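The values are calculated or read from the model by the stated rules, or taken from the named source; none is laboratory data. Owing to the predicted nature of the structure, the values given are computational and were not obtained by experimental measurement. We place every Cβ from the backbone using ideal geometry, glycine too, and count neighbours over all the protein chains shown.
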Amino acid sequence: MIKQYLYPLNPTKEEKAQTAKELKDFKTQISLGFVLVNIMWVTAIFMLQAYQDVLGMKWPLGGKLNDLYFDQADLETANVVTLHYEYLQLDPIGLVFVVAFIVVICLMTIGMLMHRVVTLEQIVADTHLTKKEIVADRPIDILENMRVAYRMDKTKLGDKVTMKEKVDFFLQAEEAKLNQTHFFNTM
C-alpha cells in the first residue's frame, strides 16, 4: 500500500507537459463557464427589471380600497355597488432573491443536521464504556457484577455520581480482581 500510493510520483517530461496542458484547458473551461453564468444572471436580472409590470404578482393581503362607485348608466344595475381595490405589487427580483435565500438556508440547515448526526455517530462509535478485554471474556458476568456493585456502591460513591465515575470505579475493582487472580495463579 505505502509503495503503491504514498510515494511521490516521478513523472516524465511528457507527462508534466500533458498535465500542464490539461490544467490550462481546465482553467479556461472554468473561466468561460463562470463568465457565461454571470452573463445569464445579469440578463435575467435585466429582464426581471424590464418586465416588472408583467412578471410582478399582486400581493393578496392588505389591499387598499381605491374606488367605490355606482354604475348609473344601466337602470338594472344602478343599485349595485362596485368596489375597486388596489393591491401592492411584488417585485420579481426581490421574490427571486428571497426564494434563493430560503433555498440556501434550507440546504445549509439540512447539511448542518446531517453533519451533527455523523458527528454523533462517530462519538458513539468511538466511546467505550468498558475495557474490551474484560467484556470480551465474560460479558454476562460483568453485567451481573455491575448490578451488584451499583447496589452496594451507592453508599461508597454517594447519589450524585456520574455514570462515567461509576463505570471507572467498577473497572478499577475488576482490574484489582484480575490482578489478584493473576498474582495467585502465577504462584
(message) Of the conditions (1) charged (D, E, K, R); (2) part of a loop (DSSP other than H, G, I, E, B); (3) within 30 Å of L95 (Cβ to Cβ), D67 satisfies every one except a single condition; which number is it?
(response) (2)
(message) Considering only the range 117-129, I want to know if a residue exists there that is outside the structural domain of L171 (by TED's automatic domain parsing), over 30 Å from F169 (Cα atoms) and aliphatic (A, V, I, L, M).
(response) yes
(message) Every residue in the range 157-173 that is outside any helix (DSSP H, G or I) and either modelled with pLDDT of 70 or more or exposed (fewer than 13 other Cβ atoms within 10 Å of the Cβ) (or both), please.
(response) G158, D159, K160, T162
(request) Kindly list the number of the only condition in (1) under 51 Å from the mean Cα position of the chain (by Cα); (2) surrounded by 10 or more Cβ atoms within 10 Å (Cβ to Cβ) that fails for L65. (result) (2)
(request) Within the range 98-116, track down each residue that is at pLDDT below 95 and either within 13 Å of the chain's Cα centre (by Cα) or not small (G, A, S) (or both). (result) V98, V99, F101
(request) Give the residue, chosen from K58, K13, K21, that is of a type in the set (K, R) and modelled with pLDDT under 80. (result) K58
(request) State which residue is farthest from A44 (Cα to Cα) when the search covers only the range 72-100 and only residues that are hydroxyl-bearing (S, T, Y) and part of a loop (DSSP other than H, G, I, E, B). (result) T77
(message) Name the single residue that is surrounded by the most Cβ atoms within 10 Å (Cβ to Cβ) among those in the range 24-55 being of a type in the set (G, A, S) and at pLDDT below 90.
(response) A44
(request) Please work out which one of (1) modelled with pLDDT of 85 or more; (2) surrounded by 10 or more Cβ atoms within 10 Å (Cβ to Cβ); (3) not basic (K, R) is the condition Q89 fails and give its number. (result) (1)
